[in-house]
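Scroll down for the structure; my scribbles are underneath it.
The values are calculated or read from the model by the stated rules, or taken from the named source; none is laboratory data. Note that the structure is predicted; figures quoted are calculated from it, not measured. Note that we place each Cβ from the backbone using ideal geometry, even for glycine, and neighbour counts take in every protein chain shown. SASA here: full protein model, heavy atoms, side chains in, ligands and nucleic acids out. Shrake-Rupley method; radii C 1.70, N 1.55, O 1.52, S 1.80 Å.
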Amino acid sequence: MKTPRVLIVDDSSVMRKIIERSLRQAGLELGEVVQAGNGAEALIAVQEGAFDLILSDINMPLMDGIEFLRQLRAIDSAKSTPVVMVTTEGSESRVVEALTIGAKGYIRKPFTPEQIKERVSPLLEVMR
């Protein structure tokens, strides 16, 4: 069974590390974990290789998570890649917009490893 390749997109390097650590603390078996500081960097990473799961912030400079998701869904090889938004976003409309574009769910910051596991496990189970 292959371990999932994960992309974490957040403009805070500290938050990217917290997300990765939370995934591991939740007991999820991970393969390679790639990090990107904004949507533009994330698109480059996606073009360099496929991911099994993407966790993305909504509010980022250069390219936010909503625009990243829009552009991601236009890439044939990434149309079905599960994306979970990880956000402090208080506006329900931005979260609804992400879900409408194709996000598979969202996690509000701050979060616990258990919340990450609850949201991400079903998406990774599909791989098994």
Checked P61, P4 against criteria (assigned to a loop (DSSP other than H, G, I, E, B) and either in contact with a helix residue (DSSP H, G or I) (Cβ under 6 Å, 6 or more places away or on another chain) or at pLDDT 95 or above (or both)); the one match is P4
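Within the stretch 2-20, restricting attention to residues that are in contact (Cβ under 8 Å) with a residue 60 or more places away in the chain and open to solvent by 20 Å² or more (accessible area, probe 1.4 Å), which residue is nearest to P122 (Cα to Cα)?
Only one residue tops the list, namely K2.
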Residue set I44, I107, I66; condition in a strand (DSSP E or B) and within 21 Å of S12 (Cβ to Cβ); output residue I107
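Given G31, G102, which one is within 18 Å of E125 (Cα to Cα) and surrounded by fewer than 16 Cβ atoms within 10 Å (Cβ to Cβ)? I'd like the intermediate steps shown before the answer.
Details: G102 fails: within 18 Å of E125 (Cα to Cα).
Unique residue meeting the criteria: G31.
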Discussion item. Tell me yes or no: at least one residue of the stretch 49-72 is under 15 Å from L7 (Cα atoms), open to solvent by 20 Å² or more (accessible area, probe 1.4 Å) and touching a Lys or Arg at 6+ places or on another chain (Cβ under 6 Å).
Written reply: yes
